[in-house]
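The values are calculated or read from the model by the stated rules, or taken from the named source; none is laboratory data. Treat the numbers as computed from the prediction; the structure is a model and nothing was measured. Heads up, the Cβs are rebuilt from the backbone with ideal geometry, glycines too, and the neighbour counts pull from every protein chain shown. Side chains are part of the model used for accessible areas, which takes the heavy atoms of the whole protein and leaves out ligands, DNA and RNA. Shrake-Rupley method; radii C 1.70, N 1.55, O 1.52, S 1.80 Å.
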Amino acid sequence: MWDDRQTQIVDTLCTDGIAAYPGLVSPERCATLLEAVGRSRLAPSGHYRCLSPVGAPRLESDLFRWRDIPEIRSLVTDPALVEVAGAYLGTDDPVVLEDQWFWSQEGSATESPWHQDEPYHPLDRPFLTVWIPLTPVPPGLGLRGVVGSHEREVYAPIEFSAQERTLSEENISLDPVPDVDADPVTYRVVDPAGGVGDAVLLDSRTLHAAGGPCTADFVRLSIRYAHPDTARRGRPWPTATFWEEWHWTDGDRLPAAGFPRTSALVTLAESA
């Protein structure tokens, strides 16, 4: 049942480009998801990357594990997530764009620098990220965002990986991300991260950053949703390498085989 609190959360997201959603996922479910991420680390997909420098404490990531990890597939179709995503995107049946987990080893200091998710994707409209900590958030390591930046300029994508590349090419035709930390007047930063299961909602155009020195293992999971009418729009700059797997042209909608509607995943689960 949709309530006034959820309406306020979506209103904040529309205004600021970032909003907290306390208690979106229960601590018990986060524990189950943490175990599932551990299993997926033992059987990495072709999208797995170690983002930290060789020899440093590890920051690992993997994508699209809804395809083979039942707990993640169940989460991306959870009514609470689907409802808030649909309310923001303007649809009752959002597309599962991707899931992505990050696992930072104790001692890791690899950061996610200031960036936007938008330029990594050749899409014609914004999408929504639901960021969920599965372990306690170390002080200062939550997802930080620049209020209102979703209504400003789109900046050049940044290569995150210190090892295997995550961008499709090297040509950059956008302005670099500004020095957010050096200008707190222009760039008002908020850190809405709470405890385990307290989600942060993020517009794909919002400047954000995360990470830093970890005093304990830190695991978080991002689910990204798109409107079902989202179509391809080619970019004159590098995008995420996984888009190279799909042969589609400008104007084509997201390929259903890789980016299903949530209703299709529910039907698949019920028939299994």
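Remarks
- Test: residue in the range 68-78 that is within 27 Å of residue 205 (Cβ to Cβ), in a helix (DSSP H, G or I) and in contact with a Pro (Cβ under 8 Å, 6 or more places away or on another chain): no
- Screening the range 49-76 for residues that are touching a residue at least 60 places away in the same chain (Cβ under 8 Å) and of a type in the set (D, E, K, R) and picking the one that is least open to solvent (accessible area, probe 1.4 Å) gives 49.
- Per the listing 164, 151, the residue uniquely at pLDDT below 95, open to solvent by 10 Å² or more (accessible area, probe 1.4 Å) and not aliphatic (A, V, I, L, M) is 164.
- Within the range 188-272, strands (runs of 3 or more DSSP E) holding 1 or more residues that are among the aromatic types (Phe, Trp, Tyr): 218-226
- Of all residues in the range 239-265, those that are among the acidic types (Asp, Glu) have Cβ atoms under 7 Å from Cβ atoms of residues that are outside any helix (DSSP H, G or I), 6 or more apart or on another chain, in 244/168; 250/232; 250/233; 250/234; 252/231; 252/232.
- Residues located in the range 24-42, provided they are open to solvent by less than 60 Å² (accessible area, probe 1.4 Å), hydroxyl-bearing (Ser, Thr, Tyr) and either in a helix (DSSP H, G or I) or in contact with a strand residue (DSSP E or B) (Cβ under 6 Å, 6 or more places away or on another chain) (or both): 40
- Count of the range 7-23 residues which are open to solvent by 20 Å² or more (accessible area, probe 1.4 Å) and not polar (S, T, N, Q): 6
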